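See structure below.
The values are calculated or read from the model by the stated rules, or taken from the named source; none is laboratory data. The structure presented is a predicted model; accordingly, all values stated were derived computationally and were not measured. Glycine also receives a Cβ, built like all others from the backbone with ideal geometry; neighbour counts cover every protein chain displayed.
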Amino acid sequence: MIPLEEKNKSALIHPDTPLGFHPMRAGFLEWLRVRNYSEHTIYRYQKSLGYFFRWAQERGMTRIDEVTRPVLERYQRWLFHYRTDQDKPLAFKTQHAHLLAIKIFYRWLVREHYLEANPASELELPKLEQRLPREILTLSEVETILNQPNLSDPLGIRDRAILEMLYSCGMRRSELANITLYDLDFDRGTVMIRQGKGKKDRLIPVGERAIAWVQKYITEVRPAFVIEPDTKRLFLGQMGEPIGADHFSKIVRNHVAGAAVGKQGSCHLFRHTMATLMLENGADIRFIQEMLGHARLTSTQIYTQVSIKKLKEIHTATHPSARLRPPREKENG
């Protein structure tokens with residue numbers, strides 16, 4: 001089976017056909033840009049629609065008005081039965097995202113009067129699983145990972161500052177990649193995250209230890225990495241280039257693996273850990289929501305399920321079999 005990624009690279013058939021897939025998708029993506037949707041969202045819709053259009057074209061369809069509800073249901077079944085090169089099914093979250101793009105696209109087509117009826121209006125999306133974070137670090141595991149970078153090497157100082165920022169703030173890797181020197185306020189102990197998910201800015205606190213490591217990096221390491229004109233991005237590579245999101249993942253993943261704590265993960269591992277540890281130590285969940293930049297509280301409430309400390313204390317105090325009782329002393333005589 002041809003991978004979805006390979007199919008998406010193929011040119012669309014009959015791009016100039018009236019009501020053809022290609023011009024309609026181009027108009028939809030332009031509509032999203034005019035309304036200031038993020039480029040990440042636009043890219044996801046473009047890719048998901050490309051998968052569907054290619055599938056439809058292989059079955060003789062080239063126009064948006066040739067797609068019916070039964071066609072969409074066939075595509076939904078095809079996604080369900082699809083297998084990757086590793087013979088694995090697509091995650092329901094992935095299937096949901098591909099079908100949601102189609103629903104939003106066809107809703108736009110009707111709104112713009114390209115179609116009279118919406119074939120996707122009653123398409124039922126797969127129910128999303130509510131999964132807990134796979135790995136959460138303990139306090140000792142965090143410290144083990146933080147101590148992995150070689151501090152005799154400038155890159156080690158930089159990496160320690162990266163790890164400290166992720167642990168202290170729980171920000172996304174894309175948000176960390178966009179931080180500039182101007183976004184840090186050492187006196188107030190804050191960092192401004194600009195244009196985070198949903199194109200929202202937020203001001204969040206940074207711990208004193210993280211600030212100390214970032215200042216050490218800025219003072220002792222960053223000047224040697226800078227190539228003029230300075231981009232003012234906080235974290236740089238050795239050649240002066242701003243570190244991208246994928247590079248952050250590689251850096252963090254290597255240090256997690258090197259710590260040999262028996263857990264895998266990267267930047268999001270610290271995001272989950274920060275939220276869980278703060279919740280266990282009494283932080284209000286709405287404060288954690290603000291820290292993480294979640295639009296809905298329901299996205300944050302998942303951490304109440306992985307925060308086991310309070311539940312464990314109650315279980316130990318109230319369940320009859322929670323503690324091993326000392327054996328009774330044998331009666332004399």
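Some points to look at:
- The criterion of being part of a helix (DSSP H, G or I) and not charged (D, E, K, R) holds for Leu100.
- Any hit, the stretch 171-180, residues being at pLDDT 95 or above, surrounded by fewer than 18 Cβ atoms within 10 Å (Cβ to Cβ) and assigned to a strand (DSSP E or B): yes
- The helices (runs of 4 or more DSSP H) falling completely within the stretch 1-69 that include 1 or more residues that are at pLDDT 95 or above and within 23 Å of Glu116 (Cβ to Cβ) map to 21-34, 39-57.
- Some residue of the stretch 283-295 being out of contact with any Leu (no Cβ under 7 Å at 6 or more places or on another chain), without any contact (Cβ under 8 Å) to a residue 12 or more places away in the chain and of a type in the set (A, V, I, L, M, F, W, C): yes
- Counting the residues of the stretch 75-87 that are surrounded by 13 or more Cβ atoms within 10 Å (Cβ to Cβ) and either among the polar types (S, T, N, Q) or assigned to a loop (DSSP other than H, G, I, E, B) (or both) gives 2.
- Put simply, of Leu151, Leu139 the only residue that is at pLDDT below 95, touching a helix residue (DSSP H, G or I) at 6+ places or on another chain (Cβ under 9 Å) and not small (Gly, Ala, Ser) is Leu139.
- Residue check for Leu72: closer than 30 Å to Arg172 by Cα, assigned to a helix (DSSP H, G or I) and among the aliphatic types (A, V, I, L, M): no
- Condition check for Thr219: free of Cβ contacts under 8 Å to residues at least 40 places away in the same chain and under 18 Å from Leu151 (Cβ atoms): yes
- The set of residues from the stretch 105-135 being surrounded by fewer than 16 Cβ atoms within 10 Å (Cβ to Cβ) and part of a helix (DSSP H, G or I) comprises Arg107, Val110, Arg111.
- Scanning the stretch 314-330 for any residue that is at pLDDT below 65 and of a type in the set (A, V, I, L, M, F, W, C) turns up nothing.
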